[in-house]
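Below: one structure, written as C-alpha coordinates.
The values are calculated or read from the model by the stated rules, or taken from the named source; none is laboratory data. Keep in mind that this is a model prediction, so the values were computed, not measured. Ideal geometry is used to build each Cβ from the backbone, glycine not excepted, and the neighbour counts take in all protein chains shown.
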Amino acid sequence: MEKVIQIQHGKIVQLNQVVLDDVNLEVNSDELVFLIGKTGSGKSSLLKVLYGELSLTSGNGKVAGFSVNELNKRTIPQLRRAIGVVFQDFQLLTDRSVAENLYFVMRATGWKDKREMENRAKTVLSMVGLETKGHVQAHQLSGGEQQRVAIARALINHPKLILADEPTGNLDPETSAEIMKLIIAVSKEEKAAVLMATHDMAMIEKFPGRVIRVEDGKLKPLETMHQFDPFTPMFE
(Lines give C-alpha, C1' and ligand atoms only; values in the text may rest on other atoms or scores of the structure.)
Protein backbone atom coordinates (compact mmCIF):
# COMPACT_ATOMS: atom_id res chain seq x y z
CA MET A 1 0.00 0.00 0.00
CA GLU A 2 1.44 3.35 -1.04
CA LYS A 3 1.72 6.26 1.38
CA VAL A 4 0.60 9.34 -0.54
CA ILE A 5 1.21 11.75 2.36
CA GLN A 6 4.03 11.53 4.89
CA ILE A 7 4.83 14.46 7.14
CA GLN A 8 7.15 14.19 10.14
CA HIS A 9 7.50 16.92 12.78
CA GLY A 10 6.26 19.59 10.41
CA LYS A 11 5.89 23.23 11.38
CA ILE A 12 3.77 25.70 9.39
CA VAL A 13 4.24 29.44 9.90
CA GLN A 14 2.20 32.20 8.26
CA LEU A 15 2.72 35.94 8.81
CA ASN A 16 5.26 35.13 11.55
CA GLN A 17 2.64 33.13 13.47
CA VAL A 18 2.99 29.41 14.09
CA VAL A 19 -0.19 27.90 12.61
CA LEU A 20 0.60 24.21 13.17
CA ASP A 21 3.48 22.57 15.02
CA ASP A 22 4.82 19.02 15.28
CA VAL A 23 2.59 17.85 12.42
CA ASN A 24 2.81 14.09 11.93
CA LEU A 25 0.52 12.76 9.22
CA GLU A 26 0.41 9.66 7.05
CA VAL A 27 -2.30 8.89 4.51
CA ASN A 28 -2.42 5.67 2.49
CA SER A 29 -3.53 5.37 -1.11
CA ASP A 30 -6.94 3.84 -0.25
CA GLU A 31 -7.97 6.14 2.60
CA LEU A 32 -10.66 8.72 3.21
CA VAL A 33 -9.41 11.13 5.90
CA PHE A 34 -11.33 14.08 7.32
CA LEU A 35 -9.71 17.17 8.84
CA ILE A 36 -12.07 18.91 11.24
CA GLY A 37 -11.57 22.06 13.29
CA LYS A 38 -12.71 25.64 13.72
CA THR A 39 -12.21 28.29 11.06
CA GLY A 40 -8.65 29.53 11.38
CA SER A 41 -7.42 26.37 13.08
CA GLY A 42 -4.99 25.59 10.26
CA LYS A 43 -6.84 23.08 8.07
CA SER A 44 -6.46 25.13 4.89
CA SER A 45 -2.83 25.96 5.72
CA LEU A 46 -2.03 22.26 5.93
CA LEU A 47 -3.70 21.64 2.56
CA LYS A 48 -1.74 24.54 1.06
CA VAL A 49 1.51 22.89 2.15
CA LEU A 50 0.36 19.66 0.52
CA TYR A 51 -0.27 21.31 -2.87
CA GLY A 52 2.76 23.55 -2.79
CA GLU A 53 1.19 26.92 -1.96
CA LEU A 54 2.95 27.14 1.42
CA SER A 55 6.26 25.74 2.64
CA LEU A 56 7.03 23.72 5.74
CA THR A 57 9.08 25.92 8.05
CA SER A 58 10.69 22.81 9.55
CA GLY A 59 10.22 19.06 9.47
CA ASN A 60 9.97 16.77 6.46
CA GLY A 61 7.16 15.94 4.08
CA LYS A 62 6.41 13.91 0.99
CA VAL A 63 3.23 14.14 -1.09
CA ALA A 64 2.56 11.78 -4.01
CA GLY A 65 6.28 11.01 -4.16
CA PHE A 66 7.43 14.66 -4.09
CA SER A 67 9.40 16.18 -1.22
CA VAL A 68 7.56 19.30 -0.08
CA ASN A 69 10.87 20.55 1.36
CA GLU A 70 12.42 20.73 -2.11
CA LEU A 71 9.63 22.15 -4.25
CA ASN A 72 10.56 24.78 -6.83
CA LYS A 73 9.11 26.39 -9.95
CA ARG A 74 9.76 23.22 -11.93
CA THR A 75 8.52 20.63 -9.43
CA ILE A 76 5.40 22.41 -8.13
CA PRO A 77 3.55 21.91 -11.47
CA GLN A 78 4.68 18.25 -11.43
CA LEU A 79 3.30 17.81 -7.90
CA ARG A 80 0.02 19.40 -8.95
CA ARG A 81 -0.27 16.96 -11.83
CA ALA A 82 -0.13 14.11 -9.30
CA ILE A 83 -2.89 15.49 -7.07
CA GLY A 84 -6.36 16.95 -7.56
CA VAL A 85 -7.68 19.88 -5.54
CA VAL A 86 -11.36 20.72 -4.96
CA PHE A 87 -12.19 24.09 -3.36
CA GLN A 88 -15.28 25.34 -1.53
CA ASP A 89 -15.82 28.18 -4.01
CA PHE A 90 -15.28 26.00 -7.12
CA GLN A 91 -12.67 28.40 -8.61
CA LEU A 92 -13.96 27.94 -12.15
CA LEU A 93 -13.35 30.40 -14.98
CA THR A 94 -16.96 31.57 -15.16
CA ASP A 95 -16.59 33.32 -18.54
CA ARG A 96 -15.62 30.04 -20.24
CA SER A 97 -17.38 26.81 -21.06
CA VAL A 98 -17.11 23.71 -18.91
CA ALA A 99 -14.82 22.07 -21.47
CA GLU A 100 -12.60 25.18 -21.68
CA ASN A 101 -12.16 25.08 -17.91
CA LEU A 102 -10.79 21.55 -18.26
CA TYR A 103 -8.59 22.40 -21.27
CA PHE A 104 -7.13 25.35 -19.34
CA VAL A 105 -5.87 23.00 -16.61
CA MET A 106 -4.65 20.47 -19.17
CA ARG A 107 -2.57 23.07 -21.01
CA ALA A 108 -1.17 24.30 -17.68
CA THR A 109 -0.09 20.76 -16.79
CA GLY A 110 1.57 19.92 -20.07
CA TRP A 111 -1.11 18.37 -22.29
CA LYS A 112 -0.50 19.07 -26.00
CA ASP A 113 -2.54 16.67 -28.15
CA LYS A 114 -5.97 18.18 -28.86
CA ARG A 115 -7.72 14.85 -29.43
CA GLU A 116 -6.31 13.37 -26.22
CA MET A 117 -7.49 16.47 -24.35
CA GLU A 118 -10.98 16.19 -25.79
CA ASN A 119 -11.18 12.49 -24.93
CA ARG A 120 -10.02 12.99 -21.35
CA ALA A 121 -12.42 15.90 -20.87
CA LYS A 122 -15.32 13.73 -22.05
CA THR A 123 -14.22 10.91 -19.75
CA VAL A 124 -14.02 13.00 -16.57
CA LEU A 125 -17.27 14.84 -17.35
CA SER A 126 -18.94 11.47 -17.80
CA MET A 127 -17.56 10.34 -14.44
CA VAL A 128 -19.29 13.25 -12.71
CA GLY A 129 -22.53 12.99 -14.70
CA LEU A 130 -22.03 16.08 -16.88
CA GLU A 131 -21.21 14.50 -20.22
CA THR A 132 -23.74 16.74 -22.01
CA LYS A 133 -22.60 20.01 -20.39
CA GLY A 134 -19.18 20.56 -21.98
CA HIS A 135 -20.39 23.46 -24.14
CA VAL A 136 -22.29 25.23 -21.33
CA GLN A 137 -20.81 28.39 -19.77
CA ALA A 138 -19.69 27.69 -16.21
CA HIS A 139 -21.73 30.60 -14.79
CA GLN A 140 -24.93 29.00 -16.14
CA LEU A 141 -24.54 25.93 -13.93
CA SER A 142 -26.03 25.38 -10.48
CA GLY A 143 -23.71 25.30 -7.48
CA GLY A 144 -23.81 21.51 -7.38
CA GLU A 145 -23.00 21.29 -11.09
CA GLN A 146 -20.11 23.73 -10.70
CA GLN A 147 -18.68 21.57 -7.94
CA ARG A 148 -19.03 18.52 -10.20
CA VAL A 149 -16.97 20.37 -12.83
CA ALA A 150 -14.40 21.15 -10.13
CA ILE A 151 -14.22 17.44 -9.28
CA ALA A 152 -13.86 16.55 -12.98
CA ARG A 153 -11.03 19.10 -13.20
CA ALA A 154 -9.33 17.49 -10.18
CA LEU A 155 -9.48 14.07 -11.88
CA ILE A 156 -7.89 15.11 -15.19
CA ASN A 157 -4.38 13.84 -14.46
CA HIS A 158 -5.33 10.55 -12.72
CA PRO A 159 -4.38 11.89 -9.27
CA LYS A 160 -2.97 9.72 -6.50
CA LEU A 161 -4.52 12.11 -3.99
CA ILE A 162 -7.57 14.37 -3.92
CA LEU A 163 -7.40 17.33 -1.53
CA ALA A 164 -10.79 18.85 -0.79
CA ASP A 165 -11.15 22.10 1.16
CA GLU A 166 -14.72 22.40 2.46
CA PRO A 167 -16.05 21.06 -0.87
CA THR A 168 -19.68 21.09 0.32
CA GLY A 169 -19.47 24.38 2.26
CA ASN A 170 -21.52 26.38 -0.28
CA LEU A 171 -24.08 23.68 -1.03
CA ASP A 172 -27.40 22.64 0.48
CA PRO A 173 -27.49 19.37 2.48
CA GLU A 174 -29.00 17.25 -0.30
CA THR A 175 -26.50 18.46 -2.90
CA SER A 176 -23.69 18.09 -0.34
CA ALA A 177 -24.52 14.41 0.13
CA GLU A 178 -24.55 13.89 -3.67
CA ILE A 179 -21.15 15.59 -4.02
CA MET A 180 -19.74 13.54 -1.16
CA LYS A 181 -20.93 10.28 -2.71
CA LEU A 182 -19.42 11.39 -6.00
CA ILE A 183 -16.02 12.24 -4.50
CA ILE A 184 -15.87 8.83 -2.83
CA ALA A 185 -17.00 6.98 -5.96
CA VAL A 186 -14.55 8.68 -8.32
CA SER A 187 -11.68 8.42 -5.85
CA LYS A 188 -12.27 4.68 -5.66
CA GLU A 189 -12.40 4.43 -9.46
CA GLU A 190 -9.17 6.42 -9.80
CA LYS A 191 -7.58 4.63 -6.80
CA ALA A 192 -6.94 8.01 -5.17
CA ALA A 193 -6.79 8.84 -1.48
CA VAL A 194 -9.01 11.69 -0.22
CA LEU A 195 -8.03 14.24 2.43
CA MET A 196 -10.96 16.53 3.13
CA ALA A 197 -11.21 19.58 5.39
CA THR A 198 -14.80 20.01 6.57
CA HIS A 199 -17.04 21.52 9.24
CA ASP A 200 -19.85 19.12 8.43
CA MET A 201 -20.07 16.55 11.23
CA ALA A 202 -23.25 15.04 9.75
CA MET A 203 -21.25 14.25 6.61
CA ILE A 204 -18.58 12.50 8.65
CA GLU A 205 -21.22 10.31 10.30
CA LYS A 206 -22.72 9.37 6.93
CA PHE A 207 -19.40 8.71 5.24
CA PRO A 208 -17.12 7.20 7.85
CA GLY A 209 -13.38 7.51 7.41
CA ARG A 210 -10.46 8.46 9.59
CA VAL A 211 -10.96 11.75 11.46
CA ILE A 212 -8.25 14.17 12.57
CA ARG A 213 -9.08 17.24 14.65
CA VAL A 214 -6.99 20.38 14.08
CA GLU A 215 -6.89 22.17 17.43
CA ASP A 216 -4.47 24.39 19.36
CA GLY A 217 -1.89 24.16 16.59
CA LYS A 218 -1.81 20.35 16.65
CA LEU A 219 -3.28 17.42 14.72
CA LYS A 220 -5.21 15.13 17.07
CA PRO A 221 -6.50 11.79 15.75
CA LEU A 222 -10.07 11.02 16.83
CA GLU A 223 -11.26 7.53 17.65
CA THR A 224 -14.53 7.26 15.74
CA MET A 225 -17.31 4.83 16.44
CA HIS A 226 -17.26 3.76 12.80
CA GLN A 227 -14.75 1.10 11.85
CA PHE A 228 -16.03 0.41 8.36
CA ASP A 229 -14.46 0.53 4.92
CA PRO A 230 -14.54 4.26 4.06
CA PHE A 231 -15.46 3.42 0.49
CA THR A 232 -18.76 1.80 1.49
CA PRO A 233 -20.58 4.91 2.79
CA MET A 234 -23.60 4.38 5.00
CA PHE A 235 -26.37 6.31 3.37
CA GLU A 236 -30.05 5.95 2.53
Do we find a residue being in contact (Cβ under 8 Å) with a residue 12 or more places away in the chain, surrounded by 19 or more Cβ atoms within 10 Å (Cβ to Cβ) and out of contact with any strand residue (DSSP E or B) (no Cβ under 7 Å at 6 or more places or on another chain) anywhere in region 43-57?
yes
Looking at region 131-151, which of the residues that are among the charged types (D, E, K, R) and under 25 Å from residue 110 (Cα atoms) is nearest to the chain's Cα centre (by Cα)?
148
For region 122-151, what are the residues that are under 14 Å from residue 93 (Cβ atoms) and assigned to a helix (DSSP H, G or I)?
138, 139, 140, 146, 149, 150
Of all residues making up region 111-137, the number that are touching a strand residue (DSSP E or B) at 6+ places or on another chain (Cβ under 9 Å) and at pLDDT below 95:
0
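State the number of residues belonging to region 152-167 that are under 12 Å from the mean Cα position of the chain (by Cα), farther than 24 Å from residue 40 by Cα and part of a loop (DSSP other than H, G, I, E, B).
So in region 152-167, the residues under 12 Å from the mean Cα position of the chain (by Cα) come out as 152-155, 159-167.
Still in the running and farther than 24 Å from residue 40 by Cα: 152-155, 159-160.
Pick out the ones that are also part of a loop (DSSP other than H, G, I, E, B) and you get 159-160.
Total meeting the criteria: 2.
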Considering residues that are farther than 14 Å from residue 148 by Cα, of a type in the set (A, V, I, L, M, F, W, C) and surrounded by 16 or more Cβ atoms within 10 Å (Cβ to Cβ), the number found within region 164-215 is 12
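Kindly indicate the residue of region 65-110 that is among the aromatic types (Phe, Trp, Tyr), crowded, with 18+ Cβ neighbours inside 10 Å and more than 24 Å from residue 169 (Cα to Cα) and also modelled with the lowest pLDDT among those meeting that condition. Steps first, answer last, please.
Step one: list which residues in region 65-110 are among the aromatic types (Phe, Trp, Tyr), which gives 66, 87, 90, 103-104.
In the following step, the residues that additionally are crowded, with 18+ Cβ neighbours inside 10 Å were identified as 66, 87, 90, 103.
Add one more test, that the residue is more than 24 Å from residue 169 (Cα to Cα), and what stays is 66, 103.
Values: 66: 94, 103: 97.
The extreme case among them is 66.
Look through region 1-42, keep the residues that are among the basic types (Lys, Arg) and more than 21 Å from residue 72 (Cα to Cα), and return whichever of them is surrounded by the fewest Cβ atoms within 10 Å (Cβ to Cβ). Write out each step before concluding.
Initially, region 1-42 is screened for residues among the basic types (Lys, Arg), giving 3, 11, 38.
Okay, now just the ones that are also more than 21 Å from residue 72 (Cα to Cα), so 3, 38.
On the way: 3: 15, 38: 11.
Restricting to residues being among the basic types (Lys, Arg) and more than 21 Å from residue 72 (Cα to Cα), the top hit is 38.
Filtering region 81-121 down to residues that are hydroxyl-bearing (Ser, Thr, Tyr) and assigned to a loop (DSSP other than H, G, I, E, B), which residue is farthest from the chain's Cα centre (by Cα)?
Step one: filter region 81-121 for residues hydroxyl-bearing (Ser, Thr, Tyr), giving 94, 97, 103, 109.
Subsequent filtering for residues that are assigned to a loop (DSSP other than H, G, I, E, B) retains 94, 109.
Numbers: 94: 20, 109: 17 Å.
Here the answer is 94.
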The lone condition residue 54 fails out of (1) closer than 23 Å to residue 169 by Cα; (2) not in a loop (DSSP other than H, G, I, E, B) is (2)
